[in-house]
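Right, one structure below, let's go through it.
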Amino acid sequence: MCDDELIPPRADLTEQEWLRTGPQAPTGGPPPRTTGRVPGSLGRRALLGTAMAGAALAALPAGAGTAAAAPRSGGPADSFPFPEHPNSHGEFAVLITGDAGTGDDAQYAVAAAARDVCRTEGVGLAVGLGDNLYENGPESDHDAEFQDKFERPNAGIDVPWLMVLGNHDCSGLIPGSGGDPSRGDREVLYATRSRRWYMPARYYSVPLPAAHPLVEFFVLDTIPWSSYVVQLDPYYHWDGPYMRQQRAWLDGALRASRARWKVVLSHHPYLNNGKHGSAGAYDGFTVGNYTSGVHLKDLYEQVVCGRTDLILSGHDHTLQVLEPTARTGGTGQVVCGASAKTGDGRAHFDHPAAWQDFAAHGFLVLKASATRLTVDVYTVDVPTRRATLAHRTHSTRPVAPAARTAATA
């Protein structure tokens with residue numbers, strides 16, 4: 001849980017059941033705090049969500065669940081292009097942010113600090129790890145919040161942004177519930193009008209460079225597996241068609257990947273020392289099919305661990321570089337959810353960590369070369385908008401070998 005996150009009183013309630021008990025902060029915690037243009041506990045924006053979700057879903061083309069990488073096909077003609085070659089340092093450098101979409105001073109400060117680092121490091125790609133538009137996600141693909149909480153703060157970071165869905169992007173009646181995944185379709189539609197925002201589907205992959213990939217990113221939609229509430233639409237049930245298709249896609253895409261380095265991008269982490277906890281026991285819940293994230297835990301352990309080099313996640317408003325272990329099959333978990341909000345200043349769990357900070361704002365730069373995969377962690381002083389390199393870690397040996405041949409269509 002985060003300082004301003006609403007936590008249900010029991011696992012796997014419907015939103016209506018939760019509302020009848022009253023949205024509440026964690027036991028003993030402060031009252032819920034909101035940031036930016038946000039409704040009250042049950043404001044007009046929240047109530048409009050369910051009614052408008054169907055229109056966004058109907059506007060999507062058939063088969064919009066997943067997409068292979070393409071050079072910004074479907075976006076504006078002047079979209080920022082994917083990098084085709086390493087930078088002057090011989091690397092593909094990627095900015096990583098998470099939980100950034102508040103539109104407040106902290107988001108602008110982190111973005112300004114990141115902009116300076118991007119110039120120095122030759123960054124050619126960026127990532128947003130979900131919770132892109134607090135607190136309820138967009139009302140349409142024309143919502144002014146795309147400008148207020150993404151385009152304006154990130155002006156000058158003129159590269160494609162691989163965007164990931166977060167629980168606040170798919171809220172239903174309660175902010176952050178994850179109770180209406182179809183709202184995320186509006187963010188997919190927005191990619192057709194933005195030069196920066198890249199989200200060709202709710203889950204997708206991007207190899208760099210496309211012809212002979214050195215690194216490949218696998219973007220997941222973790223929301224229906226980890227929502228605070230039960231999914232009412234059978235399509236989004238934890239064992240429904242959408243999640244079965246996504247799991248099968250990820251398994252096949254990892255198997256077929258020719259990239260030396262493989263990186264999963266997700267909102268909810270597998271392992272986490274912050275307040276939210278780890279998959280299978282999110283926010284202290286260990287029962288049910290949704291709130292605990294037990295089925296996301298299964299996905300990580302059965303499909304991801306031992307087959308990818310890194311899992312990069314947000315959700316917890318902290319910065320953590322956790323050590324690869326036998327449990328993870330050598331896969332490293334990195335949490336980057338402090339690009340606009342911060343944690344409570346202390347660890348709540350004890351997974352082995354190379355470095356972690358539970359109070360600072362910050363971001364990462366991931367650098368992939370033929371010989372190593374590097375993660376640089378930067379903390380940001382919000383008043384001065386200055387970044388400090390706080391930690392660097394690198395790998396020289398991929399966790400899993402690349403496929404010998406390209407995937408077939």
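The values are calculated or read from the model by the stated rules, or taken from the named source; none is laboratory data. If you're wondering where the values come from, they're calculated on a predicted model, not measured in any experiment. A quick note on method: Cβ atoms are made from the backbone with ideal geometry, for glycine too, and the neighbour counts reach across all protein chains shown.
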Scanning the range 1-28 for residues that are modelled with pLDDT under 90, closer than 22 Å to H267 by Cβ and of a type in the set (G, A, S) gives A25
Kindly list the number of the only condition in (1) of a type outside the set (G, A, S); (2) surrounded by fewer than 12 Cβ atoms within 10 Å (Cβ to Cβ); (3) free of Cβ contacts under 8 Å to residues at least 40 places away in the same chain that fails for P383. (3)
Just give me the residues in the range 221-249 being within 15 Å of the chain's Cα centre (by Cα) and hydroxyl-bearing (S, T, Y), in sequence order. T222, S226, S227
In the range 64-105, which residues are surrounded by fewer than 20 Cβ atoms within 10 Å (Cβ to Cβ), at pLDDT 95 or above and touching a strand residue (DSSP E or B) at 6+ places or on another chain (Cβ under 7 Å)? P83, P86, N87
Let me confirm something: among Y300, Y282, Y290, which residue is farther than 18 Å from D251 by Cα, touching a strand residue (DSSP E or B) at 6+ places or on another chain (Cβ under 9 Å) and aromatic (F, W, Y)? Y290
Go through the range 260-298 residue by residue and tally those that are over 27 Å from R346 (Cα atoms) and either surrounded by fewer than 23 Cβ atoms within 10 Å (Cβ to Cβ) or among the aromatic types (F, W, Y) (or both). 6
Between a residue in the range 87-104 that is outside any loop (DSSP other than H, G, I, E, B) and any residue that is hydroxyl-bearing (S, T, Y) and crowded, with 21+ Cβ neighbours inside 10 Å, which pairs come within a Cβ distance under 8 Å, given they are 6 or more apart or on different chains? T97/S339
Residue in the range 386-403 that is surrounded by the most Cβ atoms within 10 Å (Cβ to Cβ), counting only those that are free of Cβ contacts under 8 Å to residues at least 40 places away in the same chain and farther than 30 Å from G103 by Cα: H394
Determine, yes or no, whether D233 is surrounded by fewer than 21 Cβ atoms within 10 Å (Cβ to Cβ), among the charged types (D, E, K, R) and more than 27 Å from A353 (Cα to Cα). yes
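From the list S171, S177, S182, which residue is under 28 Å from Y108 (Cα atoms) and at pLDDT below 95?
S171
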The one condition L162 fails out of (1) under 20 Å from P269 (Cα atoms); (2) touching a Ser or Thr at 6+ places or on another chain (Cβ under 8 Å) is (2)
Which residue out of V206, V188 is crowded, with 22+ Cβ neighbours inside 10 Å, of a type in the set (V, I, T) and assigned to a helix (DSSP H, G or I)? V188
Looking at this structure, is G252 outside any loop (DSSP other than H, G, I, E, B), of a type in the set (G, A, S), over 21 Å from I96 (Cα atoms) and more than 17 Å from the chain's Cα centre (by Cα)? yes
Which one is surrounded by the fewest Cβ atoms within 10 Å (Cβ to Cβ), of the residues in the range 142-152 that are charged (D, E, K, R) and under 20 Å from H267 (Cβ atoms)? D143
Single residue of the range 278-310 satisfying the filter (under 16 Å from the mean Cα position of the chain (by Cα) and among the small types (G, A, S)) that is farthest from V399 (Cα to Cα): G293
Scanning the range 344-367 for residues that are surrounded by fewer than 18 Cβ atoms within 10 Å (Cβ to Cβ) and of a type outside the set (A, V, I, L, M, F, W, C), which turns out nearest to T393 (Cα to Cα)? P352
